[in-house]
Amino acid sequence: MSSATPNSGEERFPRPIHGPNRFFALSVWLKRAVVLVGLLAVVTLLLPPPAAEKLGLTLVVLLIAIPLGRVIWFVQRWTRRGDLRFAAVGIAVLVVVGVGALLA
């Protein structure tokens, strides 16, 4: 816990970054993921069938996990910033996906 008192001038959370760089970390992560998925798709086409099936399964898992990772990133961001309504919606989305996966 921070030693900051309410009126000490220190902030509990850093100021939000405004402008084009506020989602820089997320953008870099997603760009790398897209490149990885693209490379895996090309390699899947070049491999013989047994290996291609395994790599294809990995590709499907990545295509499902990447958007969920983005939701998790936003949930932690909204929670740290104190916007619990948006965080609750993100958690609800994750719960719906999890329940759907269990029922499938």
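The number of residues in the range 51-82 that are more than 22 Å from Val28 (Cα to Cα), surrounded by fewer than 14 Cβ atoms within 10 Å (Cβ to Cβ) and free of Cβ contacts under 8 Å to residues at least 40 places away in the same chain comes to 4. Any residue in the range 13-31 that is modelled with pLDDT of 90 or more and exposed (fewer than 12 other Cβ atoms within 10 Å of the Cβ)? Yes, that holds for at least one residue. Highlighted here are the helices (runs of 4 or more DSSP H) found entirely within the range 14-104 that include at least 1 residues which are hydroxyl-bearing (Ser, Thr, Tyr): 24-46, 49-81.
The values are calculated or read from the model by the stated rules, or taken from the named source; none is laboratory data. These numbers were taken from a predicted model, which means no experiment stands behind them. All Cβ positions, even for glycine, are placed from backbone atoms using ideal geometry, and neighbour counts span all protein chains on display.
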